[in-house]
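Before any comments, here is the structure.
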Amino acid sequence: MQKILFILALSATVIFQAQSQDFFRAPDFSQIERNVKAEASSYYYPNLMRKYQSGTTQMTPEEGRHLYFGYVYQPGYVPTDTSEYNSKLAAILSKQSLVPEDYVNILQYADALLLEDPFNLRALNAKLLVYAQDNNTEEYKKVALRRRIVQDAIVGTGDGMSEKTPFYVIKVAHEYDILPFLGYNFGGEDKILKGNKVNYLSLGENRFGVERVYFNISTIVDHLSVHGGGKM
């Protein structure tokens, strides 16, 4: 029952373009790699990234999938999360009230994080906060579209209810960042299962009675095993 309730809630929250992709489908990394590297492909990566960064054009679910998961085959992909701007941004956002200077710094830190990770949901959310405060509708819409593309790419890969149907992510930080979007709070436990390809996050009390959400982190583990260790 809890799985049914979760899927119904997710369906209501996320509007998938179901006519062009299966509801939940694990990424085919081999195919994605071939597509994003082929200049003649409609999924050629530089073109996808330009489209994403513009924030003015909708992307199909398959384009979003290639954009997000195809990033692991780009030179700039780093699965670790060690930027100094994470703590700086968190410090400002934890304040009870913000002054004009804080909003300037939020944009600065968010942009710095997005240079390192263009799919950083915390940074995108922070920018939305500033643009909402400034009533900057045009920029708000652009960032909201980019956030939507990232969220849909992740939640289109599974239901997160078991290690056999996990959400796929290319960075562990994205696990934590997607939880509020799903209506959850982190419950305090982060455990990697045997085999190191799937981990779960425990959840705080929620109306669906869901205790854990599972994530596939195979691309992260594989990258670190090839390029050396690091904090996920």
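Evaluated against (1) modelled with pLDDT of 95 or more; (2) more than 23 Å from ARG25 (Cα to Cα), GLU211 falls short on exactly one condition, (2).
Candidates ILE178, ILE220: the one that is touching a Pro at 6+ places or on another chain (Cβ under 9 Å), within 19 Å of GLN151 (Cα to Cα) and not acidic (Asp, Glu) is ILE220.
Go through LEU67, LEU89 for me and flag whichever is assigned to a helix (DSSP H, G or I), closer than 19 Å to ALA126 by Cα and at pLDDT 90 or above.
Going through LEU67, LEU89 in turn, the sole match is LEU89.
In the set (1) at pLDDT 95 or above; (2) more than 15 Å from the chain's Cα centre (by Cα), the condition left unmet by GLY156 is number (2).
Per this entry, VAL150 is not counted among residues that are closer than 30 Å to ASP28 by Cα, within 10 Å of the chain's Cα centre (by Cα) and modelled with pLDDT under 95.
On the given criteria, is TYR131 in contact with a Phe, Trp or Tyr (Cβ under 8 Å, 6 or more places away or on another chain) and farther than 15 Å from TYR68 by Cβ? The answer is yes for TYR131.
The residue that is farthest from ASP177 (Cα to Cα), counting only those in region 78-115 that are charged (D, E, K, R) and in contact with a helix residue (DSSP H, G or I) (Cβ under 8 Å, 6 or more places away or on another chain), is ASP102. With respect to (1) touching a Ser or Thr at 6+ places or on another chain (Cβ under 6 Å); (2) under 20 Å from ASP81 (Cα atoms), the lone exception for GLY158 is condition (2). Residues in region 102-121 that are over 22 Å from THR57 (Cα atoms) and either outside any helix (DSSP H, G or I) or at pLDDT 95 or above (or both): ASP102, TYR103, VAL104, ASN105, ILE106, LEU107, GLN108, TYR109, ALA112, LEU113. Scanning region 108-132 for residues that are touching a residue at least 12 places away in the same chain (Cβ under 8 Å), surrounded by fewer than 21 Cβ atoms within 10 Å (Cβ to Cβ) and farther than 15 Å from ARG147 by Cβ gives ALA112, GLU116. Within region 85-101, being surrounded by 15 or more Cβ atoms within 10 Å (Cβ to Cβ) and of a type in the set (D, E, K, R) holds for one residue alone: LYS88. In region 77-84, is there at least one residue being in a helix (DSSP H, G or I), without any contact (Cβ under 8 Å) to a residue 60 or more places away in the chain and surrounded by 16 or more Cβ atoms within 10 Å (Cβ to Cβ)? The answer is no; no qualifying residue exists. Could you check region 29-76 and list, in sequence order, the residues that are buried (at least 19 other Cβ atoms within 10 Å of the Cβ), farther than 18 Å from THR157 by Cα and β-branched (Val, Ile, Thr)? Residue satisfying the conditions is VAL36 alone.
The values are calculated or read from the model by the stated rules, or taken from the named source; none is laboratory data. A quick note: this is a predicted structure, and the numbers were derived from the prediction, not measured. Counting neighbours? That spans all protein chains shown, and the Cβs are built from the backbone with ideal geometry, glycine included.
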